[in-house]
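Let me begin by presenting the structure, written as structure tokens, before commenting on it.
Since every read-out is calculated from the coordinates, none of them should be taken as a lab result. Note that the structure is a prediction, hence the values are computed from the model and not measured. No Cβ is skipped: glycine too gets one built from the backbone with ideal geometry, and neighbour counts run over all protein chains shown.
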Amino acid sequence: MLAVTFHHLDLAPNDAPPDGLAKYIRKPAAGRGSSSARTVAPLTSTGGPESERRPAPSRPILGYLFDAANLLTLAGLLSSTFAMAFAVRGDFAAAAIGLVLAFVFDGIDGPVSKRISGRTANDRAFGANLDSLVDMASTGATLAVVLLAYGEFGMVYLPGAFALVGATALRLSYFNVHGLDEGATRYVGMPTDQAIIVFAAVMLLDVPLGRGAFQVVLYGSAMALAALMVSSLQIPKFTGLVFYALNGAAIAIATLHAMRLIA
């Protein structure tokens, strides 16, 4: 059996961990341990706590494909896969379009999920976990591969690639534990989807700057984005007209990259 203690995880009432983790966290008994600690119930060999086992899944794995929000999330993953494939081939304009599509799908799967009736708590938890895993691939892995491809996979680009992967992993882990208060208008640090669209915008400088100068600019931009994702800056949460304007800007970026393909 495995017993784990979460130290200094001071969660306010509205900062509860995600559904998949919250039900396994309990407060220590009065007079035992620090008030700032939370203890996870011992896990059995089957992965569930002794006192409360996970409920049986309501559908098979592939059954979650019959969910519009999950399909949109996977469409973003497919877009990121295309972006990596094109980057490896040196088709960077096409790779940038893939990044923009990943950004768009990531922005609309959440609102769609909220409009689907009949979703159970398990359905919502599955969708949230799927979204987080896809964000790791779309931002961390994909941006790292694009950066490495621009550097012809030279060893000097490995620190920048790892900075993107590591910052994305840290950010998503932080967000998965602490979440976002209901009605919150700001994020702590730059969201991963914003990092994607900024990276795709910087890629427009490839031709104007020339490859040598652009490689330096892109490397610096990658390091800056990694730092922003794990920073304590308060980044506005774009909603309403600003949300649509940002998506319009993303489409404009994709259009400019498409024009490079046609030219």
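Worth a mention:
- The percentage of C-alpha pairs in segment 191-263 whose separation is greater than 13 Å is 71%.
- Label zone of S117 (point 7 Å out along Cα→Cβ, amide N under 20 Å): in segment 53-97 this covers 66-70.
- Backbone amide hydrogens, once placed in the peptide plane, bring K237 within less than 5 Å of R186, Y187, excluding anything fewer than 5 places away on its chain.
- Karplus-derived 3J(HN,Hα), 6.51/-1.76/1.60, for each residue of segment 177-189, Hz, glycine and proline x: 7, 8, x, 9, 4, 4, x, 5, 10, 9, 9, 8, x
- Calculated from backbone phi, Karplus (6.51, -1.76, 1.60) coupling profile of segment 258-263 in Hz, x at Gly/Pro: 5, 5, 5, 5, 6, 4
- Magnitude of the charge dipole for segment 61-262, about its Cα centre and with charges confined to Cβ atoms of Lys, Arg (+1) and Asp, Glu (-1), is about 160 debye.
- In segment 119-263, the inverse of the mean reciprocal separation of distinct Cα atoms equals 16.5 Å; this is its Kirkwood hydrodynamic radius.
- Positive-end ranking of A195, L225, A245 along the dipole of segment 61-262, with charges on Cβ about the Cα centre, is headed by A245.
- Residue order, fewest to most beta carbons within 10 Å, for E182, E152: E182, E152
- Ascending count of other beta-carbon atoms within 10 Å, so fewest first, for T81, T142, T255: T255, T81, T142
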